[in-house]
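Just below is one structure, and these are the notes that go with it.
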Amino acid sequence: MPTATVSATYNSRIATLPMRKLRPRVLSAAASLLLAALLPSVAIAADWSAAETELAAKIAAVAGPGAVALNVVKRSSLSQGEFEQIRSGLQTHLAALGVQSVGPEQAAATVQISLSENLQSYLWIAQIEQGVNQLSVVMINVPRSEAAAPARISSGISLHKGLLWSQAARILDVAVMDGTPTHMIVLDAGQVALYRLQGGRWQPEQVVPVTHTLPWPRDLRGRLVLRADHLFDAYLPGVFCRSTASTPLSLACAESDDPWPIGSEPVPMNAFFSPTRNFFTGALAPGIGKQTTTAAFYSAAALPREKYTLWLFASVEGPVNLLDGASEQTAGKLGWGSDIASVHTGCGSGWQVLASAAGESDRLRAFEFPDRDPIEVSQPLEFAGSITALWTEPNGTGAIVIAENPQAPPEERYEAFRLSITCGQ
């Protein structure tokens, strides 16, 4: 029977306001120095004022004059002083257009403004909700200087992989139940196999068939989820299986269109999987704020923030879509493949996204998201073949990677790895 060691190994694998003219006069040297020092901040203030005017005009065009509940949130690298300045400026410009900021109980509409950014510009998004009317969104791009661009995070994270298991049949997912003894569950197209760790090797304990009536789609995918009140659930296209609470293992499988879990604690999320294809339809449950749909996608990753969670979806069409509960954006040309997952490591900002590369599906890299643009923070972690599955582990601190190794003997063609991250110095 194929076996594998469990010791970890390391591998390197998207107009400014005019200033009032001064009367010509001779300036003292001290006054000249003072003016020179103030000019940059005056220019910045003019930039904010122009942007505030533009966004206020767009909001007023949608909301019309009246009382609104205004909420401005900072989701960028703006300083607190700049944020307060912009918030005050927006209120002033809106008031000049007849849009008054009042308490929620007095408001006829709600306006939420998010001050976001990417590497090239600030992105200000206003979400306007009026009674039962459809939600409206307006936005502007505010150019930023190079000096204002967020600093690049240095590569200080290392990716590690430990081989868990290899076999001839395609592995869909693996779950490790740490304990005494440690157990491992392996899901493939025909069965669920339970193994026990003994003497540093996985020993077979039980095999239970996965029953189904309809044929599997060509590119089969599956998901294992550990549970508190029973051992695990298994999700396959159009099929749901529930295990017993203890061994000896028993599995009850039935046709189902229930959504699959795609998140982990502290950000659970479910999504509906197409029963005849190899991707998620884009319908989410319960959703991200009021956003309950996105484009069809292969995989997803969550990045918790202080006041919201940024979700990334590797869409079937190629781009990565970003949802935060208030807006949906499409990231630039990231060059990512179809497999992404997030991990909570405590390194850097605390959360990282693992992503395969388009055209190089045998590599994973770790990325951080200061806001809406990723910054690579690790060397690539290489695999001997193409990655076929990538899932975040239940505790959120690691991931399971499945790869097809064409160089391995036929009985060990599919390999399952447990992936971890260590922080740099």
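What the table below lists for this structure:
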| item | result |
| --- | --- |
| Condition met for Ala355 (within 29 Å of Asn141 (Cα to Cα) and modelled with pLDDT of 90 or more) | yes |
| Residue check, Arg227 of a type in the set (Lys, Arg), under 19 Å from Ser264 (Cα atoms) and touching a strand residue (DSSP E or B) at 6+ places or on another chain (Cβ under 9 Å) | yes |
| The lone exception for Asn278 - which of (1) outside any loop (DSSP other than H, G, I, E, B); (2) of a type outside the set (Ser, Thr, Tyr); (3) more than 18 Å from Thr309 (Cβ to Cβ) it fails | (1) |
| Residue list for the stretch 315-364, filter: aliphatic (A, V, I, L, M) and closer than 21 Å to Pro394 by Cβ | Ile340, Ala341, Val343, Val353, Leu354, Ala355, Leu364 |
| Residue check, Gln106 outside the structural domain of Arg242 (by TED's automatic domain parsing), at pLDDT below 95 and either out of contact with any Leu (no Cβ under 8 Å at 6 or more places or on another chain) or surrounded by 20 or more Cβ atoms within 10 Å (Cβ to Cβ) (or both) | yes |
| Any hit, the stretch 245-268, residues being small (Gly, Ala, Ser), closer than 18 Å to Val174 by Cα and part of a strand (DSSP E or B) | yes |
| Qualifying residue in the stretch 387-395 (condition: surrounded by fewer than 19 Cβ atoms within 10 Å (Cβ to Cβ) and assigned to a strand (DSSP E or B)) | no |
| Test: Pro370 is under 29 Å from Thr309 (Cα atoms), outside any strand (DSSP E or B) and out of contact with any Pro (no Cβ under 9 Å at 6 or more places or on another chain) | no |
| Strands (runs of 3 or more DSSP E) completely within the stretch 310-367 that count 3 or more residues being of a type in the set (A, V, I, L, M) and crowded, with 19+ Cβ neighbours inside 10 Å | 320-323, 336-344, 351-357 |
| Candidate set from the stretch 267-286 (those that are surrounded by 16 or more Cβ atoms within 10 Å (Cβ to Cβ) and within 15 Å of the chain's Cα centre (by Cα)); member that is nearest to Pro237 (Cα to Cα) | Ala271 |
| Sole exception among (1) modelled with pLDDT under 85; (2) under 32 Å from the mean Cα position of the chain (by Cα) for Ala45, by number | (2) |
| Residue identified as surrounded by fewer than 20 Cβ atoms within 10 Å (Cβ to Cβ), farther than 30 Å from Glu376 by Cβ and outside the structural domain of Lys333 (by TED's automatic domain parsing) among Ala126, Ala56, Ala69, Ala63 | Ala69 |
| Selection count where residues are surrounded by 13 or more Cβ atoms within 10 Å (Cβ to Cβ) and either acidic (Asp, Glu) or touching a helix residue (DSSP H, G or I) at 6+ places or on another chain (Cβ under 7 Å) (or both), scope the stretch 401-425 | 3 |
| Filtered residue count, the stretch 77-88, keeping only those that are surrounded by 15 or more Cβ atoms within 10 Å (Cβ to Cβ) and out of contact with any Phe, Trp or Tyr (no Cβ under 6 Å at 6 or more places or on another chain) | 6 |
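For (1) over 19 Å from Ala399 (Cα atoms); (2) buried (at least 16 other Cβ atoms within 10 Å of the Cβ), each residue gets a yes or a no:
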| site | (1), (2) |
| --- | --- |
| Thr213 | yes, no |
| Arg223 | no, yes |
| Leu226 | no, yes |
| Phe232 | no, yes |
| Cys241 | yes, yes |
| Ser246 | yes, no |
| Cys253 | yes, yes |
| Ile288 | yes, yes |
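The values are calculated or read from the model by the stated rules, or taken from the named source; none is laboratory data. The model shown is predicted, which means the values in this text are computed figures rather than measured ones. Cβ atoms come from the backbone with ideal geometry, glycine included; neighbour counts cover every protein chain shown.
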